[in-house]
1. Going highest first, how would you order 321-334, 198-211 by mean Cβ packing within 10 Å?
2. Just how large is the dipole of the chain about the Cα centre, in debye to the nearest 20, putting +1 at every Lys and Arg Cβ and -1 at every Asp and Glu Cβ?
3. Please give every one of the lysines within straight-line cross-link reach of Lys273, meaning a C-alpha to C-alpha distance under 25 Å, and leave out same-chain neighbours fewer than 8 residues apart.
4. Order the peptides 248-254, 284-290, 139-145, 27-33 from the highest to the lowest mean number of other Cβ atoms within 10 Å of their residues.
5. In Å³ and rounded to a whole number, note down the convex hull volume per residue for the Cα atoms of the chain.
6. Determine which residues of the range 147-189 fall in the zone a paramagnetic label at Asn204 would reach in this model, i.e. backbone nitrogen under 19 Å from the point 7 Å along Cα→Cβ.
7. If one puts a single equal scatterer on every Cα of the range 15-202 and applies the Debye formula without solvent, what log₁₀ I(q)/I(0) results at q = 0.11 Å⁻¹?
8. Please give every one of the lysines within straight-line cross-link reach of Lys45, meaning a C-alpha to C-alpha distance under 23 Å, and leave out same-chain neighbours fewer than 8 residues apart.
Amino acid sequence: MTIVVKHTATSVVTIERFIIEEERNHPEATGELSGILYDLALAAKMIANKVRSAGLADILGATENENVHGEVQQRLDVLANEIIIKAMDHGGRLCAMASEEEPGIIQIPDEFKCGKYCLMFDPLDGSSNIDVNVPVGTIFSVVRKITRGRHGELEDMLQPGRRQVAAGYVIYGSSTMMVYTTGQGVHGFTLDPSIGEFLLSHPNLRIPENGRYLSVNDSYEQLWDDSVKSIMRKYKGLDGDRRALSTRYVGSLVADFHRNLLGGGIFAYPSNKKTPKGKLRLLYEANPLSFIVEQAGGAASNGHQRILDVEPSELHQRTPLYIGSRSEVEIAQRAIAGQPELAVV
Ligand code: AHM
Ligand code: MG
């Protein structure tokens, strides 16, 4: 279902107004989910501000800490993580959070009310690109609490992606954009820095049916198994039965995904001999982007199964990922699992 918001191409619609109009389509809504989205938009503006001034403010580069994945944390990663936690912990709408940068669940402090939603996020995706001024992003996923106690528990976080009630990302690029879905289509907002507001710029985004771009890190080719190598040959038109996709790889998932969402194509991060479970995280990266891509008419698979149907077993679970235009994802699924059918939303 796509949301009907009455505005013309020249209407100026702030993200706040859009969220309110979207909420009106749900008479049963309490406003809590809307509140989470406002607070995330605020956190995004604060992070955008830090990203923009990073080169001048001595906040580039690595800290001495490693995160739970054994990766060196970048200073901006740490800042973005703190900004989101501080923007979200006191609103009374969340019962717990989980971040790619934190080993365990982040509980809501006792002095604040707990709400009925859980937030999972990657505060600054693509952070290895920060020092070279390449776009980075924030990715988020919201699910409803299913356990009975006051605080959120691991069980609340480990729900399959199809149960997400909202998901989105922010791309800190030549402009800052926030793109989100609550299951009523995908909508994009561009930050107007002169007034500090996200304005509706891309209503009802649809991914083109046919791919234009292939985003994959080819340097892993020697580590791929034969089925992955055959998929890549097909995408590159080397089998002679289709035209070649154009290769584009930023190495910043949000930037690669955003380009392919607008232009059509596929982002692939297959498993390889060194990372047999894939690299990307199911809860913080694959699930939210898969909810968005399906809402935009595309698809996402781990090669065997629709991403949104995967039952998570760990907070920091990794997954292979093929995401983008439906026909391209089906090629991967057919080659790996031997069957093209992807469950449809
Ligand atoms: P991060 O969340 O630690 O930044 O890692 C995820 C990033 C993605 O943004 C990107 O698609 C991928 O890692 C790039 O990995 P590689 O350098 O192996 O191609
Ligand atoms: Mg990431």
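No lab work stands behind these numbers, since they all come straight from the coordinates. Please read these numbers as outputs of a predicted model, since none were measured by experiment. Because the Cβ atoms are built from the backbone with ideal geometry, glycine has one as well, and the counts that use them run over all protein chains shown.
1. Descending mean neighbour count gives 321-334, 198-211.
2. 900 debye
3. Of all the lysines, those that pass the test against Lys273 - Cα under 25 Å, at least 8 places apart if same chain - are Lys229, Lys234, Lys236.
4. Highest to lowest by the protection proxy: 284-290, 139-145, 248-254, 27-33.
5. For the chain, the hull spanned by Cα atoms encloses 138 Å³ per residue.
6. 179-189
7. Result of the Debye calculation: -0.48.
8. Excluding near neighbours in sequence, the set is Lys86.
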